[in-house]
1. Taking the condition within 30 Å of Thr390 (Cα to Cα) and either at pLDDT 95 or above or open to solvent by less than 70 Å² (accessible area, probe 1.4 Å) (or both), does Leu28 pass?
2. Can you tell me which residue within the range 228-238, out of those that are in a loop (DSSP other than H, G, I, E, B) and of a type in the set (Ser, Thr, Tyr), is least open to solvent (accessible area, probe 1.4 Å)?
3. Tell me, please, whether a residue that is in a loop (DSSP other than H, G, I, E, B), in contact with a strand residue (DSSP E or B) (Cβ under 9 Å, 6 or more places away or on another chain) and charged (D, E, K, R) can be found in the range 247-266.
4. Which residue is farthest from the chain's Cα centre (by Cα), if the candidates are limited to the range 197-222 and must be in a loop (DSSP other than H, G, I, E, B) and surrounded by fewer than 16 Cβ atoms within 10 Å (Cβ to Cβ)?
5. Please verify whether the range 66-78 includes one or more residues that are touching a strand residue (DSSP E or B) at 6+ places or on another chain (Cβ under 7 Å) and among the basic types (Lys, Arg).
6. Which pairs do you get when a residue that is open to solvent by less than 40 Å² (accessible area, probe 1.4 Å), found in the range 239-256, comes within reach of a residue that is at pLDDT below 90 and β-branched (Val, Ile, Thr), reach meaning Cβ atoms under 8 angstrom, with the pair 6+ apart or on two chains?
7. Among the residues of the range 159-196, which ones are part of a strand (DSSP E or B) and closer than 17 Å to Ile384 by Cβ?
8. Filter the range 257-273 down to the residues that are of a type outside the set (Gly, Ala, Ser) and either under 19 Å from Cys185 (Cβ atoms) or open to solvent by less than 80 Å² (accessible area, probe 1.4 Å) (or both) and list them by number.
Amino acid sequence: MGPSPERALAGRAHDVLLVGCGAEIGSLLLGMNDPARDGIAISAVVTNPIADQSRHPHLHPLHSLYARLVLADPRLVDEVSVDLAHGRLVIRGRPIDVLWGDAATVSLDTLGRSFAACVVATSKAHIANRAFMERFLSVSRFVAGVAEASNLPALYPSLVGAPDRLLGNPSRPLGDARVVAFGSCQTNGWQAQLRGLLEAAVRGGCASFDIVGAELDIVHPDTPQGRLGTKSIDPRSQDPRNNLRPSFSQVETAMRRLFPGRHGINTISLRTLTMPPGYQIARFFFRYERPDTRRFTTQEFAESFADTARAMPSTLRVTDTPLGSRAYEMVESAAVVLAGKRYLRYSDNPFAMAGPPSARVAELITQAYVHNTRGYCRSVLNVIRHLVTTTAPKAFFPAA
């Protein structure tokens, strides 16, 4: 057994273990991780065994991991290699230890050391299983899952440092909690737009601000779970070719956590055979008061979102140019908000409610490209650094 997690923090404080490298998220986290930039180093991977290839007997399962990294980001074709002698991947000259085995049962003693954080990128079922997650506390100070988990504190990347007094369920210090969830890719993109609204409320000097509802429509790029040919009635198992498929996302879990008792709905997560990023249409309903009864304008929101994007480029990007999604394929922002007047829409009293302005419900509609792989992985890398370097990290606990 390696040194205790506490000793690991004192020595290699930013050493990170990745559990799961079978799909795009795990592969991109590995490929995108630059310790000099990120302040963390994913130095070991636990992943399921890969069968030998009978048609390619000269190749090793490590070559299959190499293929996953390179096909997730073709720019890595000359930056990744295989070290068969030591059972490692080498990314930009940096060795990555690989432990083959079922993450639920494999002996972690083989790793021979401890980590500042462990990131679980296997499945939603694993991340929702507290016993599964807690087994990694034997080698890591923190354990985090890249999905929603209603039974775990949520450390949402796009809301780190947000004015959460404006939320129905504000964040609280983690205290002794060591297992968290980072939320899903679509949650992350939606919360980037929410962050823009929260910052606008602060910049606008609101004396009161109350979000009473949120709705979200999603166009979701297909993911590796999909397969050509129809396997079952489930939308993810239907043929994606020439076939828009109705599905759902995990965003409603986050809505209920942040705004308990309020209206929150993800109406559709339409899966389609396109490359990331996908698209979101978010509707926020809120009441507010400003000094001298001033009311917001669409231009104020556009300017405030732009200011937030300049301050938080990994969270938000704003564009006035109506380019298609392909233009933002390599952008690492959680959400790219379209600021044109046809896309960013604000109505101060769309329901023609009577009474004082402070009692009326306003609506802001944002449209954004949301990168469910690259943009999400940038957010995850950033929030891992936050988790392991912040004295008292805060998270959103399940609503009572």
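1. Judged against the criteria, Leu28 is a match.
2. Ser232
3. yes
4. The initial filter retains those residues of the range 197-222 that are in a loop (DSSP other than H, G, I, E, B), namely 204-207, 222.
Filter once more, keeping what is surrounded by fewer than 16 Cβ atoms within 10 Å (Cβ to Cβ): 205, 207.
Numbers: Gly205: 29, Ala207: 31 Å.
Filtering first and then ranking leaves Ala207.
5. no
6. Asp239/Thr230
7. To start, the set of residues in the range 159-196 that are part of a strand (DSSP E or B) comprises 172-173, 179-181.
Hits for the range 159-196 are Val179, Val180, Ala181.
8. Kept after step one, since they are of a type outside the set (Gly, Ala, Ser), are these residues of the range 257-273: 257-260, 262-263, 265-268, 270-273.
If the condition is that a residue be of a type outside the set (Gly, Ala, Ser) and either under 19 Å from Cys185 (Cβ atoms) or open to solvent by less than 80 Å² (accessible area, probe 1.4 Å) (or both), then Arg257, Leu258, Phe259, Pro260, Ile265, Asn266, Thr267, Ile268, Leu270, Arg271, Thr272, Leu273 are the ones that fit.
The values are calculated or read from the model by the stated rules, or taken from the named source; none is laboratory data. Keep in mind it's a predicted model, so treat the numbers as computed, not measured. Virtual Cβ from ideal backbone geometry, glycine too; neighbours counted across all protein chains shown. Note: accessible area is taken over every heavy atom of the protein model, side chains too, but ligands, DNA and RNA are not part of it. Shrake-Rupley method; radii C 1.70, N 1.55, O 1.52, S 1.80 Å.
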